[in-house]
Amino acid sequence: MITTFSDKAIIEAIGAGGQERQKAIAFIYRDKALKNQIVAFVKNHNGNHEDGVDVFHEGIIAFDKNIRRGSYKGEGKLKGYLYSTCRFIWLNKLKRNKKIVYTEEEAQLDQVLHENPESLSLAEEQKDLLRKLLGQLDTKCGKILELWKLSYSMDEIAQQVGLKDGSIARRQKYNCYQKLLQIVDKAPNLKNILK
Amino acid sequence: MEANNNHIDLIEKYLSNDLSVEEQQTFDQKVHTDSEFAHEFEKRQAAHIAIDFLIAESLKSELEALEEEEEQGGKVISLQKRKRNRMVLLSLAASLLLLIGYFSLVNTSGDLGSTGPQLAAANYEAPDYNIRRGNPTVDFEDLLTKGISALKQRNYQAAITTLDSVAQSNEYYVIAQFYLAHAYYQAEQYTEAEVAFDLVSASNDIRYQEDADWYSLLACLAKEGNCTEKIDRLADDNGHSYQQQVISIRDGLQN
């Protein structure tokens, strides 16, 4: 059965994390009208269908992160916010590739909704460094930390990664987090690059 | 120690958006006035950014896969089910890597069997000399710091004497025993090392317990003791961080 969500319910579900977040994201993903609108915008601005779909995905990822961080202020319709996020992502991409001049008017329009536009996605340099560092963490550890940050219970984490019970998941989470902190601490440039 | 733990809890709450507006303001002031606090905050903030990056990468690949399925007109699998399928694949990959690792070990040792001391020597790694989370900043003159410093310089007898003098009533006793055990191990006094590691293991200090279990086993192997009970217990503990290494050792001894 398909679960339907109001704007408020989507925000609450993503904020709460766990399986409710999964359902809310799936609900957004299934919004064909929104997706088509975003793809159309990208196609009208020097992009193709594939670019449009990528931007839709990136928009969902940024939207998820902003809600979890509490940086979405809840102003206006959620669909409008997501559309604006996607438009901003695409125009910025074009700007970086020097394919368009991002007009003041357009920039102001998006700044209204995105006080800190850089927070929408990490730069390639930052991503490369993070991939390299996270390569030192085993996959299971990474998964445990992901689920922990997404507010899954220890029992749910145990179930998802194949551990005996929640207390073992708690112990593993502690060890994995310590390992990650050590990795971060040993990377002198990381904190500056991520600023 | 309590003050430090309070700092860590406060930082984690901040990073999880669990502080009120007033608490956030106090927090921001503290970051600007307390350099040690600011350092801990920056480290944990970077770790959270890294975890967010993992979350974004996972979500990206899930959305891409859903897109692909949709384009091919296939049935859309839920994100949740997809995750479980991926974990099965990851488990298979991990098993394969273990097999490769095992056969590498067999090939490099030249024959199928290995002795306890050989396996212990191949697996022992010196500990991380940074005292773990939840501990206070230790004064340089402190016995613990002196002992660890001697151990790092491979001055084992000085390390043993210093670390052994930390009283049982001292709040750093378990940590001192952990490094004392390493000092014994590196000085090839394996029986003493095993006893000290067992003591740490029995203390239930989550920061050191699993490491102590593992090193105690290595000390047991190094002295050519009967380690069957230890091996079986760790090899059967699905949640233990060293389970796979212990299984490899058990296989190595059986062949």
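The values are calculated or read from the model by the stated rules, or taken from the named source; none is laboratory data. In this text the structure is predicted, and so the values were computed from the model without any measurement. Please note: Cβ atoms are built from the backbone with ideal geometry, for glycine as well, and neighbour counts cover all protein chains shown. Only protein heavy atoms, including side chains, enter the accessible area calculation; ligands, DNA and RNA are left aside. Shrake-Rupley method; radii C 1.70, N 1.55, O 1.52, S 1.80 Å.
Can you tell me how many residues in the range B:216-249 are part of a helix (DSSP H, G or I) and either crowded, with 16+ Cβ neighbours inside 10 Å or under 21 Å from the mean Cα position of the chain (by Cα) (or both)?
Here the count works out to 20.
Return yes when residue A:28 is touching a residue at least 12 places away in the same chain (Cβ under 8 Å) and farther than 18 Å from residue A:156 by Cβ and no when it is not.
Yes, satisfied.
Looking for whichever is more than 14 Å from chain A (Cβ to nearest Cβ) and modelled with pLDDT of 85 or more here; the options are B:177, B:168. Which one fits?
B:177 is the lone residue from the list that is more than 14 Å from chain A (Cβ to nearest Cβ) and modelled with pLDDT of 85 or more.
Which residues, taken from the range A:155-195, are farther than 20 Å from residue B:45 by Cα, touching a residue at least 12 places away in the same chain (Cβ under 8 Å) and not β-branched (Val, Ile, Thr)?
Result: A:155, A:156, A:160, A:166, A:167, A:169, A:170, A:172.
Inside the range A:149-195, counting only helices (runs of 4 or more DSSP H) that do not spill past its ends, which hold 2 or more residues that are at the interface with another protein chain (Cβ under 9 Å from one of its Cβ atoms), among the aromatic types (Phe, Trp, Tyr) and under 17 Å from residue B:211 (Cα atoms)?
Answer list for the range A:149-195: A:166-185.
Filter the range A:136-148 for residues that are open to solvent by less than 20 Å² (accessible area, probe 1.4 Å) and facing chain B (nearest Cβ under 8 Å); which is nearest to the chain's Cα centre (by Cα)?
Ranking the qualifying residues of the range A:136-148, first place goes to A:146.
Kindly indicate which of A:69, A:30, A:21 is within 13 Å of the chain's Cα centre (by Cα), surrounded by fewer than 17 Cβ atoms within 10 Å (Cβ to Cβ), at the interface with another protein chain (Cβ under 10 Å from one of its Cβ atoms) and of a type outside the set (Gly, Ala, Ser).
A:69
Quick check on my filter: what residues within the range B:45-63 are at the interface with another protein chain (Cβ under 7 Å from one of its Cβ atoms) and over 25 Å from the mean Cα position of the chain (by Cα)?
Across the range B:45-63, the qualifying residues are B:56, B:59, B:60, B:63.
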